[in-house]
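Here is the structure we will look at.
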Amino acid sequence: MSNLQDFNVKEKTQWCLGCGDFGILASVKQALAELNLESHKVCVVSGIGCGSKIPHYIRTYGFEGLHGRLLPVAEAIKLSNPEITVIAIGGDGDGFSEGGNHFIHACRRNNDITYIVQNNYYFSLTTGQSTPTTKKGMKTKTHPKGSTLPEFKPCATALICGASFVAASYSGDIKHLKEVIKEAIMHKGFSFIECYQPCVTWDKVNTYDWYKQHIYYVKDNDRTNFDEALNYCLEPFRNNFERIPLGIFWQEKRRTLLDDYSKIISNGSLAFDKTIFERNLEEEFKKFL
């Protein structure tokens, strides 16, 4: 039986006091403990950014990769060792700017990983530049007079591009976020969670108090209704973020990339194959053609 202490480390966090990343880290650790997962059977993968330091602060396998390139790494880990629970965590800049193309195609492939995006509307680590999710009109170092660009729509994009699990939560509600993460991990397929969070250093508008006034919880919805799910995904953009729904909007059961991959690599996963260098992988991969 695992417990929360199994995932603690001695290294001190380097985040600003009050950062939403603390809530996300706590939620991930609680989710892993309550699912009774063993720390050596979990891998947390990140890109570059404030929240991407999470692999340093949780006792699992971890990989901090290149900026925006966490999803190819996470998928490769899952394909090479299907027994590992893989969680990818990164910021909105990392995931939708440098990593935008990877995000689209990871949704399409539906590999069995969980992807949590910490959305605070800023490139915070590099001192407050605009990201694709920066709200129109928000003042940043990139747009000192206010952003003129329409916002990138993470949940709607994930849904349309084929993610089989799409949800939104909030770093200020650890209990809700923990439960969403647990369901995402248990789901077999690409699970996407957009996690709203305040940036206490650069954002003086979208604060904890602001979120309390604007978020609401979706309950007892039909997770298999595509149109209903899309409406929830688009709602914040249609009402200028006056109401932000949180919950699991979409969930469907369909084939994962691992299902197809397992048929191609017929002798089992690469991670446990001691004869890997003796196998003719070129012949095995010809099954793709």
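Every number in this text was worked out from the coordinates using simple rules, so none of it is lab data. Because the structure is predicted, anything quoted here is derived from the model rather than measured. Backbone-built Cβ (ideal geometry, glycine too); neighbour counts: all protein chains shown.
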Measuring from its Cα centre, the chain shows a charge dipole (+1 at each Lys and Arg Cβ, -1 at each Asp and Glu Cβ) which, in debye to the nearest 20, is 480
Taking R0 as 35 Å and r as the Cβ-Cβ distance between TYR216 and LEU149, the FRET efficiency 1/(1 + (r/R0)^6), rounded to the nearest 0.05, comes to 0.85
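Which loop GluC sites (Glu not before Pro) in region 198-256, with loop taken from DSSP, have no more than 11 other Cβ atoms within 10 angstrom of their Cβ? Working shown, then result.
Numbers: sites: GLU228, GLU242, GLU252; in loops: GLU242, GLU252.
Counting only loop positions with at most 11 other Cβ atoms within 10 Å, the GluC sites (Glu not before Pro) in region 198-256 are GLU242.
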If you line up the long axis of helix 174-186 against the longest principal axis of the chain, both from Cα atoms, how many degrees apart are they, to the nearest 10? 30
Amide H of ASN111 versus every other amide H placed in the peptide plane: which residues, excluding those fewer than 5 positions away on the same chain, fall under 5 Å? PHE190, LEU257
Length-normalised contact order of the chain in % [C-alpha pairs under 8 Å, at least 6 apart]: 17
Angle in degrees between helix 100-109 and the longest Cα principal axis of the chain, rounded to the nearest 10: 50
Taking only DSSP H segments of four or more residues, each worth -39500 (n - 2.57), what value at 222 nm results for the chain once the sum is divided by all its residues, to the nearest 500 deg cm²/dmol? -9000 deg cm²/dmol
What whole-number distance in Å separates the alpha-carbon centres of region 73-97 and region 217-244? 26
For TYR121, what residues show an amide H to amide H distance below 5 Å, using hydrogens built from the backbone and excluding near sequence neighbours? ASP92
Between GLU242 and THR224, 0.36 nm times their residue separation minus their Cα-Cα distance comes to what? 3.9 nm
If you fit an axis through the alpha-carbon atoms of helix 70-80 and take the longest principal axis of the Cα set of the chain, what angle between them do you get, 0 to 90°, nearest 10? 30
